[in-house]
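Notes for the one structure printed next.
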Amino acid sequence: AAAEALIASMRGRLEAVRSRIPRDAPRPRILRYDPADAWVAGSGTVIDEVIRLAGGINVAAENGVAGTRVLRKETVVRWDPDVLLVEGEPAERETVIARLRGDPVLEPVSAVRRIGSGGLIVIPTRTLTAVSHHAAGAVEALAAALGGRDRAGGDR
């Protein structure tokens, strides 16, 4: 009974997120990537599911990545995501920003150019990679962060 209640709660939380995403809103193209930890999560991963449930398009899955793999910076430039999703604590955000803005290879990436207006979302690892009912928290966090930017890339 407790497990069924937990599942029902998770489903309710996910449905609440879906109900807040405007049906006609463009879906932001999101890539889980950090040059300090340069792997991406494609289809068949928890991160892919989190991105899709939060209303985004997983750029790695869009480009045929299944599972996880290391990605060269030049490929990130070619894929040009709207948003970079990075695992980390909120206190690490400025360090992540400095790392991204300080990398001349990543300079042309739309997400890097728009760091101050929704191009970067940092979510704690323990939330983003949860393989349990706690994954609903990652969906909620990502959807909330996306809700703070219009779907064309600017702040609301």
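Key figures
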{"quantity": "Over the chain, relative contact order from alpha-carbon pairs under 8 Å, at least 6 apart, %", "calculated": "25 percent"}
{"quantity": "Among Ser110, Leu142, Ala91 - extreme Cα towards positive end, dipole of segment 42-146, charges at beta-carbon", "calculated": "Ser110"}
{"quantity": "In degrees, nearest ten, helix 135-147 long axis to first principal axis of the chain (Cα)", "calculated": "50 degrees"}
{"quantity": "Rounded to 10°, Cα long-axis angle of helix 2-20 versus longest principal axis of the chain", "calculated": "50 degrees"}
{"quantity": "Rg(Cα) / (2.2 N^0.38 Å) computed for segment 8-156, rounded to two decimals", "calculated": "0.97"}
{"quantity": "Around Ala136: net Lys/Arg minus Asp/Glu count, Cβ-Cβ under 9 Å", "calculated": "+1"}
{"quantity": "Value of [θ]222 nm, deg cm²/dmol, for the chain, DSSP H segments ≥ 4, -39500 (n - 2.57) each, nearest 500", "calculated": "-12000 deg cm²/dmol"}
{"quantity": "Computed label-point distance, nm, for sites Val46 and Ser9 using a 7 Å Cα→Cβ extension", "calculated": "1.7 nm"}
{"quantity": "Charged-residue dipole, Cβ positions (Lys, Arg, Asp, Glu), the chain about Cα centre, Debye nearest 20", "calculated": "300 debye"}
{"quantity": "Cβ crowding within 10 Å averaged over residues, with 64-75, 101-112 ranked highest first", "calculated": "101-112, 64-75"}
{"quantity": "Formal net charge of residues neighbouring Ser43 (Cβ-Cβ distance under 10 Å; K, R +1; D, E -1)", "calculated": "-2"}
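The numbers here are math on the coordinates, done by the rules we state, and not lab data. The model shown is predicted, which means the values in this text are computed figures rather than measured ones. In this analysis, Cβ positions are derived from the backbone assuming ideal geometry, glycine residues included, and neighbour counts consider all displayed protein chains.
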